[in-house]
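Worksheet: one structure, shown below.
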Amino acid sequence: MTPAPIAVALDAPDLETAAQWAALVTPHVTTVKVGLELYLRYGPDVIASVRGASGVQVFLDLKLHDIPNTVAGAARAVARLRPSILTVHAGGGTAMIRAAVESAPHTKIAAVTILTSLSEADLGRIGIAGPAADAVRRLAVLSVEAGATALVCSPNEVAAVRAEVGEDITLITPGVRPLGADTQDQIRVATPEQALADGADLLVIGRPITGAPDPGAAAAAIAASLRRAS
Ligand SMILES: O=C(O)c1cc(=O)[nH]c(=O)n1[C@@H]1O[C@H](COP(=O)(O)O)[C@@H](O)[C@H]1O
């Protein structure tokens, strides 16, 4: 069975748990995602541990956001780990995104537009001109002009972003919840089937899989439902 275009967010407190989740889900998904929680505790070794022998793609989600020189150095430092994807915040601006792209030539730089945990009201409070869909589109265009070949947005905006940036850009959507699942701290959400139908290339899914009694079975069920819907 072809693995589904899902990146399972391995937001685990320890390496053993993360490696166990990775082993359980990798038959069913293309990618696993290492984020701040694991990387800040274990550093670069975590990549090899979750990659294991399976050859699954590892998405390194560090959401870099600093001046261009600092981001260039950080991107260079992690590029040697050969993650398939590395995130930066689009809000860091054109020069910062370009610095990441130039410093990690073998890694897809994904620009995170507007976090899926932010509501329209939150955007107003932090001074970003909304609605969210407009802000996401603006940041998407800026990021692609700066050389990003992937974008992170919520499933609610993915169709509009696709229309704006075309087919060559990889669109990644967190904020994905199976029907009826707890949305937790996510605000701009949709189901996996909807996200894929609207043009996402890769769905980031964490707790609905890793919080299940059997993460392997949960990943398999979502993968099967995506196959049925496509
Ligand atoms: O860059 C990301 O992956 C990301 C961007 C975003 O806007 N929202 C978002 O939730 N994420 C990440 O996606 C994952 C979502 O996890 P769950 O909410 O557990 O499915 C987490 O690891 C987040 O860090």
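What follows is calculated from the coordinates using simple rules that are stated; it is not laboratory data. Model, not experiment: these values are computed from the prediction. Because the Cβ atoms are built from the backbone with ideal geometry, glycine has one as well, and the counts that use them run over all protein chains shown.
A cut-off of 5 Å between modelled amide H atoms, ignoring neighbours fewer than 5 places along the same chain, links ALA9 with LYS33, ILE205, GLY206. For THR31, the shell of other residues with beta-carbons less than 13 Å away shows a net charge of +1, using +1 for Lys and Arg and -1 for Asp and Glu. Couplings 3J(HN,Hα) for segment 112-118, derived from phi with the Karplus relation 6.51 cos²θ - 1.76 cosθ + 1.60 (θ = phi - 60°), are 7, 7, 10, 3, 5, 8, 9 Hz, where x marks Gly and Pro. For THR183, nonlocal amide neighbours, meaning residues 5 or more places apart or on other chains whose placed amide H falls under 5 Å from its own, do not occur.
Counted by neighbouring Cβ atoms within 10 Å, the residues THR107, THR2 run from fewest to most as THR2, THR107. Each peptide in 21-28, 154-161 was scored by the mean count of other Cβ atoms within 10 Å over its residues; highest first, the order is 154-161, 21-28. Legend: ranking of residues ILE97, ILE47 from fewest to most surrounding C-beta atoms inside 10 Å; resulting order ILE47, ILE97. Note on segment 129-230: with charges restricted to the Cβ of Lys and Arg (+1) and Asp and Glu (-1), its dipole about the Cα centre is near 200 debye. Taking amide hydrogens as placed 1.01 Å from N in the peptide plane, the amide H of THR170 sits under 5 Å from those of ALA150, LEU151, each at least 5 positions away in sequence or on another chain. Here the Karplus curve 6.51 cos²θ - 1.76 cosθ + 1.60, taken at θ = phi - 60°, turns the phi angles of segment 87-104 into couplings of 9, 9, 7, 4, x, x, x, 4, 5, 5, 5, 4, 4, 5, 4, 6, 8, 9 Hz, with x standing for Gly and Pro.
Rounded, prolate or oblate: which one fits segment 4-229, using the alpha carbon gyration tensor with axes a ≥ b ≥ c (rounded when a/c is under 1.5, else prolate when a/b beats b/c, else oblate)? It is oblate, given that a/c is not under 1.5 and a/b is not larger than b/c.
Can you sort LYS108, LYS33, LYS63 by how many other beta carbons sit within 10 Å, fewest first?
Neighbour counts put them in this order, fewest first: LYS63, LYS108, LYS33.
Apply the a/c threshold of 1.5 to the C-alpha gyration tensor of segment 52-152 and tell me whether it is rounded, prolate or oblate. Prolate is the answer for segment 52-152, as a/c is 1.5 or above and a/b outweighs b/c. Rounded to the nearest 20 debye, the dipole size of the chain about its Cα centre is 340 debye, using +1 on the Cβ of Lys and Arg and -1 on the Cβ of Asp and Glu. Couplings 3J(HN,Hα) of segment 125-136, computed from phi: 5, 9, x, 9, 5, x, x, 3, 4, 5, 5, 4 Hz, in residue order, whole Hz [Karplus 6.51 cos²θ - 1.76 cosθ + 1.60, θ = phi - 60°; x for Gly and Pro].
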